[in-house]
1. Under 19 Å Cα-Cα from Lys24, which aspartates and glutamates qualify once same-chain neighbours fewer than 8 residues away are excluded?
2. Please go through the residue pairs Lys49/Lys120; Lys51/Lys109; Lys20/Lys73 and name each one whose alpha carbons sit more than 30 Å apart in this structure.
3. I'd like the antiparallel share, as a percent to the nearest 5, of DSSP beta bridges with both residues in the stretch 1-136.
4. Taking K and R as +1 and D and E as -1, what net charge do the other residues with C-beta under 13 Å from the C-beta of Gly31 add up to?
5. Work out from phi, with θ = phi - 60° and the Karplus expression 6.51 cos²θ - 1.76 cosθ + 1.60, the ³J(HN,Hα) of each residue of the stretch 77-94, listed in order in whole Hz, and give x for Gly and Pro.
Amino acid sequence: MIVLGIDPGSIVTGWALLKKEGKKVHYISSGVLRFNKDAQFLNRLTEIKIKTHELIDELSPSEIALESLIFVKSPTALIKLAQTRGIILSSMVEKYEGKIFEYSPNLVKSSAVGHGHADKESVQKVLDMLLGKRDYATHDESDAVAVALCHILNKGRVEKTKSRSKKSHHGNSLASSLAHKIG
């Protein structure tokens with residue numbers, strides 16, 4: 001299974017490609033899509049859709065995982081992020097119906113570090129330990145790696161617990177999942 005993790009943003013979107021073979025997870029590549037920050041937001045949406053579509057066509061993942069909306073204090077920022085996510089989703093829904101997954105920022109952090117309020121540096125340190133040291137261009141890129149890894153670690157659990165009203169994701173951190181040999 002090859003998973004594309006995406007950390008959506010209206011100026012910078014992080015992406016990462018991880019491969020799961022048996023119980024092992026391998027880093028393939030990662031990067032960022034940068035959009036014209038000088039363009040008005042609505043004029044940037046076409047660029048976001050085109051670049052996202054090109055990335056997905058180039059990488060041809062098996063599944064795609066995105067970080068869900070985060071709480072922000074500014075309603076305007078939240079609206080722009082929601083619209084950006086909508087444009088990103090629109091570039092993949094036809095080809096990847098049933099293969100797109102969404103994870104909350106707290107679950108992404110909890111899966112990586114063991115608690116949902118970890119800072120970005122802590123997440124990056126764990127990623128370096130498990131997948132090898134990398135110099136990420138931005139936190140958006142390392143966040144996308146964490147999103148892809150979260151999907152790999154939680155996919156089976158999420159599918160098994162879909163019918164339950166309360167989902168318990170405790171005990172599924174990387175630390176407790178080191179039965180997985182991540183190489």
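1. Those aspartates and glutamates meeting the cut-off are Glu63, Asp128.
2. Exceeds cut-off: Lys20/Lys73.
3. 65 percent
4. -4
5. After applying 6.51 cos²θ - 1.76 cosθ + 1.60, I find 5, 5, 5, 5, 5, 4, 5, 4, 4, x, 5, 4, 4, 5, 7, 10, 4, 5 Hz.
Each value in this text was obtained by applying a stated rule to the coordinates, not by laboratory testing. This structure is a prediction, so every number in the text was calculated from the model and none was measured. Reconstructed Cβ throughout: ideal geometry from the backbone, glycine too, with neighbour counts over all protein chains shown.
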